[in-house]
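Chemist: After the structure tokens below, expect a handful of questions from me.
Rule-based calculations on the coordinates, nothing more; no lab input. The structure presented is a predicted model; accordingly, all values stated were derived computationally and were not measured. Heads up, the Cβs are rebuilt from the backbone with ideal geometry, glycines too, and the neighbour counts pull from every protein chain shown.
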Amino acid sequence: MKDELDAKTLIDQLGTQARAAATELSVASAERKDAALIGAAEAILARRAEILTANGEDMAYGASKGLSPAMMDRLMLDEARLSAIADSLRAVAGQTDPVGDVIAAWDMPSGLHIERVRTPLGVIGVIYESRPNVTADAGALCLKSGNAVILRGGSESYHSSRAIHACLVEGLRGAGLSEDAIQLVPTRDRSAVTEMLRATAYIDVIVPRGGKGLVGLVQREARVPVFAHLEGICHVYLDAEADPAMAVEIALNAKTRRTGICGSMECLLLDRAFYARHGAAVIEALVAAGVEMRVEGELSEIVGTVPATPEDFGREFLDMICAARLVDGLEGAIAHIQTYGSQHTDAIVTEDAAVARQFFARLDSAILMHNASTQFADGGEFGMGAEIGIATGKMHARGPVGAEQLTSFKYQVTGKGTLRA
């Protein structure tokens, strides 16, 4: 009971501070926000030795907890990843400030001039596991969009997140903005998560980043609105008219570039006509790359594959494992994806533009791709600088959630002593 009371007191305090900071940020100039982001990027590079030391502590902690290789990869920082974090902060700073943007404007016969204008959401809560770069990405995007943020990183990334957060605070301080604009929950105690989910007086939206367990918990228990995706069950469909060489390269990249991200291919669908024409080259290439291919039917005759179980379809492996099956054309692929997909990211490989248009029109995934790897399901690759997550719901934000998606809008109405008859 004492821990719950302490967690509530902590979140109440952070929430009160965030509300005050959000009021300040809502009218902060684009120049000051961008200066804070650039200052944070410089601090990341200046403090990289300190951050890498902190990350070493987290890696040791993760190993002691028996984290999977995919989770350890998400947790790990090195010089290249720190440079990428700094570049992402600069990229967000370089974007157009969405706050105050006039989305639409029109005049009415009554004499009113009406504008629909972007406005910050207010206070955003971000709950995430393992990936310390989320600390920078979420902090940057919330700041850019004029929102205060309360970050609750996973216990595995505790030290790394604190070190990166210190750089964000340095940037805020240097730009003369409130340090409470980006706050990090200073405890591993899980009761703080529970209190964040209940904090309707302070938090306007929750964004979970993590595995099915975390996201499911948030979606079940949150009283605050949620932007989230439960799983990234991404499919690549090789149509009858797919270029065979392209099919091999896209399948390899979609599965093996990074297996632990939500845009990794988890199921390969092959049109029977494609398989009849081009054989097993795609699956053989995946097997040769070290992927455990779980297949059924005729595909089980391919050397190096293993039999699939019904549970392998509709499963997020986040590992060097992939399910595969033959389907009867576009209809079969769509039926499979509608049954087993998670409305995250699905791709078609084909030279038939009409078939690609049908794939786009008839599926309702947040991201649909034609002749491109599902690994591009990322806000940075969409030109957003970074993302706070991928949203698969249909209310407000969908797909990569960048700074623009972290705004709402208001109507500004101007008259000239206009009276309603």
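Chemist: In region 125-241, with Lys and Arg counted as +1 and Asp and Glu as -1 at Cβ, which of these residues, Gly210, Leu238, Val224, has the Cα nearest the positive end of the dipole, that is, farthest along it?
Modeler: Going by the charge dipole, the pick is Val224.
Chemist: Can you compute the FRET efficiency between Val413 and Ala335 using 1/(1 + (r/R0)^6), with r the Cβ-Cβ distance and R0 = 41 Å? Round to the nearest 0.05.
Modeler: On the way: r = 48 Å, r/R0 = 1.18.
The value I calculate is 0.25.
Chemist: For a quick check of your reading of the filter: which GluC sites (Glu not before Pro) in region 364-421 sit in a DSSP loop and have no more than 15 other Cβ atoms within 10 Å?
Modeler: Details: sites: Glu381, Glu387, Glu404; in loops: Glu381, Glu387.
Within region 364-421, the qualifying GluC sites (Glu not before Pro) (loop, at most 15 other Cβ atoms within 10 Å) are Glu381.
Chemist: Answer rounded, prolate or oblate for region 341-411, using the Cα gyration tensor with square roots of eigenvalues a ≥ b ≥ c: rounded when a/c is under 1.5, else prolate when a/b is larger than b/c, else oblate. Intermediate values should be presented prior to the final figure.
Modeler: Values: a/c = 2.36, a/b = 1.75, b/c = 1.35.
Because a/c hits 1.5 or more and a/b exceeds b/c, region 341-411 counts as prolate.
Chemist: Take each of the peptides 113-121, 23-31, average the number of other beta-carbon atoms within 10 Å over its residues, and list them starting from the highest. Before the final figure, lay out each step's value.
Modeler: Values: 113-121: 17.9, 23-31: 15.6.
Top to bottom by mean Cβ count within 10 Å: 113-121, 23-31.
Chemist: Eigenvalues of the Cα gyration tensor times 5, then square-rooted: what semi-axes does that give for region 46-145, in whole angstrom, largest first?
Modeler: The three semi-axes for region 46-145 are 42, 15, 9 Å.
Chemist: Then there is this: Taking 25 Å as R0, compute the FRET efficiency from the Cβ-Cβ separation of Ala105 and Arg257 and round it to 0.05.
Modeler: Working: r = 43 Å, r/R0 = 1.73.
So, using R0 = 25 Å, E works out to roughly 0.05.
Chemist: Kindly state, to the nearest 0.05, the FRET efficiency for Ala245 paired with Phe376, given R0 = 22 Å and r defined as their beta-carbon distance. All intermediate terms of the calculation are to be shown ahead of the outcome.
Modeler: On the way: r = 19 Å, r/R0 = 0.87.
With R0 = 22 Å, the Cβ-Cβ based efficiency is 0.70.
Chemist: What's the magnitude of the charge dipole for region 234-376 around its Cα centre, counting Lys and Arg as +1 and Asp and Glu as -1 at the beta-carbon? Answer in Debye, nearest 20. Mind dumping the intermediate values first?
Modeler: Working: 10 positive and 21 negative charges, 59 e Å.
The calculation lands at about 280 debye.
Chemist: On the principal axes of its Cα set, how long, how wide and how thick is region 162-236? Give whole Å, largest value first.
Modeler: So the three principal-axis extents are 44, 36, 22 Å.
Chemist: How long is the gain from Ala288 to Thr23 if the chain were fully straight, where each residue apart is worth 0.36 nm and the alpha carbon distance is subtracted?
Modeler: On the way: separation 265, 0.36 × 265 = 95.40 nm, distance 5.57 nm.
Value of the extension gain: 89.8 nm.
Chemist: Beta carbons within 10 angstrom, averaged per residue: use that to sort the peptides 365-375, 52-62, highest first. Please list the in-between numbers first.
Modeler: Working: 365-375: 20.8, 52-62: 17.8.
Output ranking for 365-375, 52-62: 365-375, 52-62.
Chemist: Sticking with this structure for a sec: Which of Phe317, Phe376 has the fewest other C-beta atoms within 10 Å, and how do the rest follow up to the most? Mind dumping the intermediate values first?
Modeler: Values: Phe317 21, Phe376 16.
Ascending number of Cβ neighbours within 10 Å: Phe376, Phe317.
Chemist: In percent, how large is the relative contact order of region 95-138, given Cα pairs closer than 8 Å and 6 or more residues apart?
Modeler: 30
Chemist: Using DSSP to define loop residues, name the chymotrypsin sites (Phe, Trp or Tyr not before Pro) in region 178-277 whose beta-carbon has at most 13 other beta-carbon atoms within 10 Å. All intermediate terms of the calculation are to be shown ahead of the outcome.
Modeler: Values: sites: Tyr202, Phe227, Tyr237, Phe274, Tyr275; in loops: Tyr202, Phe227.
The qualifying sites: there are none.
Chemist: Under the rule a/c < 1.5 gives rounded, and otherwise a/b versus b/c splits prolate from oblate, where does region 234-376 land using the Cα gyration tensor? If you can, show how the numbers build up before the last one.
Modeler: Values: a/c = 1.37, a/b = 1.16, b/c = 1.18.
Taking the square roots of the gyration eigenvalues as a ≥ b ≥ c, region 234-376 is rounded.
Chemist: Determine, for each peptide in 80-93, 133-146, the mean count of other beta carbons within 10 angstrom over its residues, then list the peptides with the highest first. The partial results should precede the final answer.
Modeler: Working: 80-93: 19.9, 133-146: 28.2.
Ranking, from highest mean packing down: 133-146, 80-93.
Chemist: Same structure again: How about region 351-420: which trypsin sites (Lys or Arg not before Pro) there lie in a loop by DSSP and see at most 12 other Cβ atoms within 10 Å?
Modeler: Working: sites: Arg357, Arg362, Lys394, Arg398, Lys410, Lys416, Arg420; in loops: Lys394, Arg398, Lys416, Arg420.
Qualifying residues, ordered by number: Lys394, Lys416, Arg420.
Chemist: Then there is this: Helix-only mean residue ellipticity at 222 nm, the chain, DSSP H runs n ≥ 4 weighted -39,500 (n - 2.57), per residue, nearest 500. What is it?
Modeler: Details: 14 runs with 177 residues, N = 421.
Counting only the DSSP helices, I get -13000 deg cm²/dmol.
Chemist: Just want to confirm a number: the relative contact order over region 267-421, from Cα pairs under 8 angstrom separated by 6+ residues, in percent. Mind dumping the intermediate values first?
Modeler: Working: 197 pairs, mean separation 25.0, N = 155.
Taking the mean separation of contacting Cα pairs over the length of region 267-421, I get 16 percent.
Chemist: Check every DSSP H run in the chain and write down those whose alpha carbon atoms cover 27 angstrom or more along the long axis and whose mean Kyte-Doolittle hydropathy is -0.5 or greater.
Modeler: On the way: long enough: 2-25 (34 Å, -0.44).
Both cut-offs are met by 2-25.
Chemist: Here's another thing I want to ask about it. Which shape class, rounded, prolate or oblate, goes with region 118-216 when its Cα gyration tensor gives a ≥ b ≥ c as root eigenvalues, a/c under 1.5 marks rounded, and past that a/b bigger than b/c marks prolate? Don't skip to the end; give the middle numbers.
Modeler: Values: a/c = 1.75, a/b = 1.21, b/c = 1.44.
Oblate is the answer for region 118-216, as a/c is 1.5 or above yet b/c matches or exceeds a/b.
Chemist: Of Gln13, Gly385, Val126, which is farthest towards the positive pole of the chain's charge dipole, taken about the Cα centre with +1 and -1 on the beta-carbons of Lys, Arg and Asp, Glu respectively?
Modeler: Sorting the options by dipole projection puts first Gln13.
Chemist: While we're looking at this one, here's another question. Based on Cβ point charges of +1 for Lys and Arg and -1 for Asp and Glu, what charge dipole magnitude is obtained for the chain about its Cα centre, in debye rounded to the nearest 20?
Modeler: Working: 40 positive and 55 negative charges, 290 e Å.
Approximately 1400 debye in magnitude.
Chemist: Once you treat every alpha carbon in the chain as an equal point and sum by Debye, what is log10 I(q)/I(0) at q = 0.09, 0.12, 0.13 Å⁻¹?
Modeler: These q points yield log10 I(q)/I(0) values of -0.61, -0.99, -1.10.
Chemist: What is the antiparallel percent of DSSP beta bridges lying wholly in the chain, to the nearest 5? Can you show the working numbers first?
Modeler: Working: 15 of 53 bridges.
Close to 30 percent.
Chemist: Quick one: compute the contact order of the chain, relative version, from alpha carbon pairs under 8 angstrom and 6+ residues apart, as a percent. Intermediate results must be reported in sequence, preceding the final value.
Modeler: Working: 893 pairs, mean separation 81.1, N = 421.
Reported as a whole number, the value is 19 percent.
Chemist: Right, another one. So, in Å, what gap is there between the alpha-carbon centers of region 286-353 and region 207-279?
Modeler: 10
Chemist: Given the Cα-Cα distance of Asp6 and His113 and 0.36 nm per residue of separation, how much length would full extension add, in nm? Intermediate results must be reported in sequence, preceding the final value.
Modeler: Values: separation 107, 0.36 × 107 = 38.52 nm, distance 5.02 nm.
Gain on extension, Asp6 to His113, equals 33.5 nm.
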